1. With respect to B:Gly169, determine if the residue is at pLDDT below 95 and open to solvent by 20 Å² or more (accessible area, probe 1.4 Å).
2. Given the residues A:Ile126, A:Ile170, A:Ile199, A:Ile211, which is the only one that is within 14 Å of chain B (Cβ to nearest Cβ) and more than 16 Å from ligand 2 (Cβ to nearest atom)?
3. Of everything in the stretch A:107-129, what is within 9 Å of ligand 1 (Cβ to nearest atom) and within 15 Å of the chain's Cα centre (by Cα)? Give them in sequence order.
4. What do you reckon, is B:Ser209 farther than 30 Å from A:Pro90 by Cα and either of a type in the set (Ser, Thr, Tyr) or in contact (Cβ under 8 Å) with a residue 60 or more places away in the chain (or both)?
5. Give me the helices (runs of 4 or more DSSP H) completely within the stretch A:253-346, filtered to those with at least 2 residues that are at pLDDT 95 or above, within 14 Å of chain B (Cβ to nearest Cβ) and open to solvent by 40 Å² or more (accessible area, probe 1.4 Å), ordered by residue number.
6. Does B:Asp427 fit the bill of being surrounded by fewer than 17 Cβ atoms within 10 Å (Cβ to Cβ) and either touching a Lys or Arg at 6+ places or on another chain (Cβ under 9 Å) or in a loop (DSSP other than H, G, I, E, B) (or both)?
7. For B:Arg199, work out the one condition from (1) within 7 Å of another protein chain (Cβ to nearest Cβ); (2) closer than 24 Å to B:Pro40 by Cβ it doesn't fulfil.
8. What are the residues in the stretch B:484-511 that are out of contact with any Asp or Glu (no Cβ under 8 Å at 6 or more places or on another chain), assigned to a loop (DSSP other than H, G, I, E, B) and small (Gly, Ala, Ser), if any?
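The values are calculated or read from the model by the stated rules, or taken from the named source; none is laboratory data. If you're wondering where the values come from, they're calculated on a predicted model, not measured in any experiment. Cβ coordinates were reconstructed from backbone atoms using ideal geometry, including for glycine residues, and neighbour counts include every protein chain displayed. What goes into the accessible areas is simple: the full protein's heavy atoms, side chains included, and nothing from ligands, DNA or RNA. Shrake-Rupley method; radii C 1.70, N 1.55, O 1.52, S 1.80 Å.
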Amino acid sequence: MTYLRPKFRHPELPKNNLGYSVDYYEGSLSTLCAGCGHDSISAGIIQAAYELDIEPHRLAKLSGIGCSSKTPAYFLSNSHGFNSVHGRMPSVATGANMANRDLIYLGVSGDGDSASIGMGQFVHVIRRNLNMVYIVMNNGCYGLTKGQDSATADSGSKNKSGHVNLFQSIDLASLAIELGATFVAQSFSGDKSQLVPLIKAAMNHPGFAFINVISPCVTFNNNPGSTKSYDFVREHMEATSTFDFVPEMAEITTSYSEGSQKSVKLHDGTFLQFHKIAQDWDPEDRISAINAVQNAKLKNEILTGLLYINPEPVDLHEMINTSLRPLNSLTKEDLCPGSEVLKSINKDWR
Amino acid sequence: MSLNQVKINDFVIRFANVNGTGSASANYLFCKSIFRMGVPVTPKNIFPSNIQGLPTWYEVRVSEKGYLGRREGIDIMVCVNPQSMLKDVGNVRTGGYFLYDSSKPLHSNYIRDDIHYIGIPLMEMCNEAFTDPRQRQLFKNIIYVGALAALLEIDFKVFESLLAEQFAGKEKLIAPNIKALQMGVDYIHEHYSDPIDIRVEQRDLVGDSIMIDGNTACGLGAVYGGATVAAWYPITPSTSVIESFMNFSDEYRIDPETGKRNVAIIQAEDELAAIGMVIGANWNGARSFTATSGPGLSLMNEFLGLAYFAEIPTVLIDVQRTGPSTGMPTRTQQSDTLEAAYASHGDTKHILLFPSTPKECFEMTADAFDLTEQLQTPVIVMTDLDLGMNDHMSKPFQWDDHRQYKRGKVLDAEALEGIERFGRYLDVDGDGIPYRTYPGTHPTKGSYFTRGTSRDEYAVYTESGDAYVRNMDRLMKKWNTAKSYVPGPHLYQEVNLSTYGILFFGTSEYSTEEAIDILKAEGVQLDAIRIKSFPFNDTVEEFIHSHDKVFVVEQNRDAQMKSLLMIELSINPEKLVSVLNYDGLPITADQIVNSIKSGLSFSDLK
Ligand SMILES: Cc1ncc(C[n+]2csc(CCOP(=O)(O)OP(=O)(O)O)c2C)c(N)n1
Ligand code: SF4
Ligand SMILES: [Mg+2]
């Protein structure tokens, strides 16, 4: 069931540059289990869109099937949403993006949706560098079908029913880097201070931006022995760095110790300013990113934060040289060659 | 050679070649020369699912009477493929001709005393005249075309002009081709001075017709119909639909100022992704389509159900081939009828269009974009390998410049301003067709959540059985509305002339028309109807009800169209008599005539 949220709000909520307060970015009331990590990610999306001054109707939200894929109903109610079929959100997002390059595309998926049934579409949307944000709400299980292991469950991880997973897990973030994703991050639904800037950076990225968010399923996979529980993730989280957006020319006020900083200039002239950078890691170096993730794994840690960024990606539209005018805005005059041309085509076939 | 009664402009010639040896363009040259002589002609490519080295046949039927269906009985066999020679010799009709490469003597196994042999030392002649090994290979084919020109008395000037057109810009290729043709002509004049009893004579029977294949026509129809997003996965025999769309897009979809493309064509990772992209693009207001064949259609089922239930325009061109499974991938069939009509789980029905000619491929593809947007449901164009990959004589294509794209019920920002509460699935007009909005239209109005789950009129999720039933019933109402949107059938007579009717669709048209003529000459009158779309409209129903028996011609084993008619129109199965062909080759008039004669006591019919 989707409930409409009561519309009363405190009048003094702060407003963003568009004059909207944060409640303008909300959706209908969530029907997920109380405490589900997915709801925190929805809250992060709401906060990020609010802080970035996004016009909700200029964003399209798409998903597959699963508890995670239900969440687009719970944020940005003024955005068009598309809850498609299991594992196929990337193709729908690709078509939508081809039709209108001027909107922001936010795809939400689950670990079952992306790492099993939808693995084919997941890897191919990365190859094409579709300009979209792709969030996997990763709980290591199939929430909606009652807790079966997913392909991201770690080998040896135990779920609520006591079942221990025997198989190797698929590491979506490493895979995304390997496949050439131009923005790859990892985070935790319980760490809003890290998650919100990552979503903002992803939305600002003019190419494929992937965030793998560990998002505990409180009902089926939050027990001792599970490597996707709140406790386990909190204890084993390690960050590559922290970072903020810096508009061009702005003065950097906070001071950090020398040698642990780096700024990355973005396509639109803004900067990402990294602080407290992990050793041997450079956000623009894919190899160092893959090493960092693998090294963390060896230490039984979950590496979070931004893992890799290519600040000047070439997206699918650029690769196939489509018109700058959205294709869905072209008219018969732009598209139809007309009867005279047809006459000459007929002539060629006589 | 004995001279029987001369057959003018009425014969079948088959070329037996090895694929990958350049025979296609020579054979096409032969076919086109007859077309240029003003005589109706129909070529069929019978090719293997393989790139090089296997037998391939090209069959050309020449018919003064304008019958464009395939005909059994080969009058002339041109065999340059030793692999298939035994079979090829056997296929020539008694009294027919067998033209072969006599560089090596013909084995006694291949000798029949009831056919004529015309040996031409093709390989020897080529080796003498050409040094380049590629040319030696290619011009063997051109030499036999020259020989045929001499035997059949085709005007040599026709070849000169065809070659000039074919090699415009590469003029130096013309001379060796002419030389090879002339070698064939000369050889016949020197060695076979007696005329054969088959001949081509100049006529004026093709008018302004064109020769083109259905897939090229579909691709062009998509350009004219305003498609801007195409997604696909390669599969014979549908690939050339997209290739055609690409080629025409290269020409007509480049912005002259910016050099940028007014089209996005994506080769997807599979058919699931292809149809997903098409649905995403249509949802977002771009006209979008895909093309596939049986195996791809099977994969697309789940998404087709989504498009049906969530009411998203979708155009799919199904170029059918021989199933089930991988079947005979390079042979034709009409065996996806039921699969397409009811694709996906749950109660679903889809609009089908059945083109019969390249002209209809062009028109129906362009129309499909209007229909799918007007009706907000998938439209599947049901063509087949025979129509899609063979050249057909067709009326020229036409386009009315006043025609506007019918984008259906879409609300813009201004319209939304005037609405209290937008209901995506509200039946405002009573025709079952709701209003839609494109993403990005209005800051606060018109957004909704598209989903494959049940929902109410305002697109809000619900598990209420009542709301679900209301929605399903509205979809049924829309389905009934569709009957007045889709193209009606072609009725061959204004009033019934018989108590027996014959019903057919798609590429069975040519042979069925011929069969009707044959039966008529034998004193059997049949009323005829050609179906062009599903849902069936009232005319189809009336036609069946007003005849005692109706023969249903189709190219599959299970009489799928008959089933569809029975299910949808509650027809008594006894009333529909199937005429079937499913050997992978296009149905022939003789097959239809024989089936009709054996299906009923023939005297009943008279
Ligand atoms: C084709 C198909 N197969 C199976 C299902 C059943 N199904 C629904 S959700 C789901 C798994 C969802 O897991 P995940 O993507 O991890 O989402 P979560 O619920 O864990 O957030 C499955 C198997 C389906 N909807 N469609
Ligand atoms: S079952 Fe798990 S994933 Fe689904 S809503 Fe409940 S807690 Fe969240
Ligand atoms: Mg999951």
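1. Yes, satisfied.
2. The conditions single out A:Ile126.
3. A:Ser109, A:Gly110, A:Asp111, A:Asp113, A:Ser114, A:Ala115
4. yes
5. The helices (runs of 4 or more DSSP H) meeting that bar are A:316-320, A:332-335.
6. So B:Asp427 fails the test.
7. (1)
8. B:Ser484, B:Gly488
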